[in-house]
Amino acid sequence: MTGTSGPIGVFDSGYGGLTVLGELRRRLPEYDYLYLGDNARAPYGSRSFDVVYNFTRRSVRYLFDRGCPLVILACNTASAKALRSIQQKDLPGWEDGLRVLGVIRPTAEAIGSISRSGKVGILGTPGTVSSRSYDMEIAKLHPGFATYSTACPMLAPIVECGEASGPGADYFVRKYTGALLGQDPDIDTLVLGCTHYPLLLPKFREVVPESVQIVSQGEIVADSLADYLKRHPEMESRLRRGGECKYLTTEDPTKFTDLARIFLNESVDVEHVDF
């Protein structure tokens, strides 16, 4: 595969990664993208590390086989439970020059220039929170910072049901945010550690004090990728430039199209794949 040109692969277990894809396309519109949602096996959040690793590994390998030299895991659960294993166990045995990046490290890196108090709150799925990936990454990059987490099992389903602007969203956003911020009055940074949560951003802004910065991942990941490509021209030169974006799903294409409209505010054509 070395020497060929291909799209940037973007992977998620479901639909939330579309918020990251949207920011990537806004920040880096010149490249081609290939999005894969493993919707047939979603949600990943409650599954074990081994299961998430195996599912993610198969999906990443599929994107490589479709010509992507670089794959972004636009999924917090996959980034938390599978990224390191793929990078350390699989990439060395695959073709030279293939790369996989996640969403947790870029977010953790950005925290250092955002938080003043060093007290950081994280909202995420139960799987992401229980993995403690954010806690460990932030501790590694910013020693002395304190992290606090709250699992939010109802938020992603609310978004996928199209109720992000409804009263149910108000109740649960207030509940989870209150539980998180109540852990320490000096928390000044709130990480939305799930790619569904940007659709709830207006709700969060209503209940979070102005003194607390809300960190949404899409823009951070897009800026991080732009920086990565500047530092790795050998990868940048392998990316196809056509501004095209294609979508793949392991589930029903009609269902994907309907839900993708919630995340992208546009209609998309999607191809069903099975592997």
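The values are calculated or read from the model by the stated rules, or taken from the named source; none is laboratory data. Computed from a predicted model, the values in this text were never measured in an experiment. Here the Cβ is made from the backbone with ideal geometry for all residues, glycine too, and neighbour counts use every protein chain on show. All accessible areas refer to the heavy atoms of the entire protein, side chains included, with ligands and DNA or RNA removed. Shrake-Rupley method; radii C 1.70, N 1.55, O 1.52, S 1.80 Å.
Annotations for the structure displayed:
- Percent of C-alpha pairs per 5 Å bin, the range 1-142, short to long: 2, 10, 19, 22, 20, 16, 9, 3, 1, 0
- Projecting the Cα positions of GLY127, PRO92, LEU201 onto the charge dipole of the chain (unit charges on Cβ atoms of Lys, Arg, Asp and Glu, taken about the Cα centre) puts PRO92 furthest along the positive direction.
- DSSP bridge orientation in the chain - percent antiparallel, rounded to nearest 5: 5 percent
- Contact order for the range 63-148, expressed relative to its length and based on alpha carbon pairs under 8 Å spaced 6+ residues apart, stands at 30 percent.
- Amide H partners (placed H, <5 Å) of VAL191, local residues excluded: GLY121, ILE122, LEU123, VAL215
- Atom-type composition of the exposed protein surface of the chain places 49 percent of the accessible area on carbon and sulfur (1.4 angstrom probe).
- MRE, 222 nm, helices only [DSSP H, n ≥ 4, -39500 (n - 2.57), over the chain, to nearest 500]: -12000 deg cm²/dmol
- Neighbourhood charge, 13 Å Cβ-Cβ cut-off, centred on THR195 and excluding it, Lys, Arg +1 and Asp, Glu -1: -4
- Using distinct alpha-carbon pairs, which all enter the 1/r mean, Kirkwood radius of the range 187-275 in Å: 16.3 Å
- Across the options VAL173, LEU141, SER267, the greatest Cα extent toward the positive end of the charge dipole of the chain (unit charges at beta carbon of Lys, Arg, Asp, Glu) belongs to LEU141.
- Solvent-accessible area per residue, Å², over the range 177-275 with all protein chains present [probe radius 1.4 Å]: 49 Å²
- Stokes-Einstein D for the chain, Kirkwood Rh over Cα pairs, 10 °C, 1.306 mPa s (µm²/s): 84 µm²/s
- Environment charge of GLY97, counting only residues whose C-beta is closer than 11 Å and scoring Lys/Arg +1, Asp/Glu -1: -1
- Ordering of 69-79, 195-205 by packing is 69-79, 195-205, highest average first (other Cβ atoms within 10 Å, averaged per residue).
- Computed over the chain: relative contact order in percent, which uses C-alpha pairs under 8 Å that are six or more apart: 27 percent
- Take every pair of alpha-carbon atoms less than 8 Å apart whose residues are at least six positions apart; their mean separation over the length of the range 175-275 yields a relative contact order of 20 percent.
- Take each peptide in 155-162, 216-223, count the other Cβ atoms within 10 Å of every residue, and average; sorted highest first, the result is 216-223, 155-162.
- Mean Cβ count within 10 Å, highest first, over the residues of peptides 92-100, 105-113: 105-113, 92-100
- Charged side chains reduced to their Cβ positions (Lys and Arg at +1, Asp and Glu at -1) give the range 74-159 a dipole of some 260 debye around its Cα centre.
- Dipole magnitude for the chain: computed about the Cα centre from +1 point charges on Lys and Arg Cβ and -1 point charges on Asp and Glu Cβ, it is near 480 debye.
- Cβ-placed point charges (K, R +1; D, E -1), dipole of the range 171-275 about Cα centre in debye, nearest 20: 60 debye
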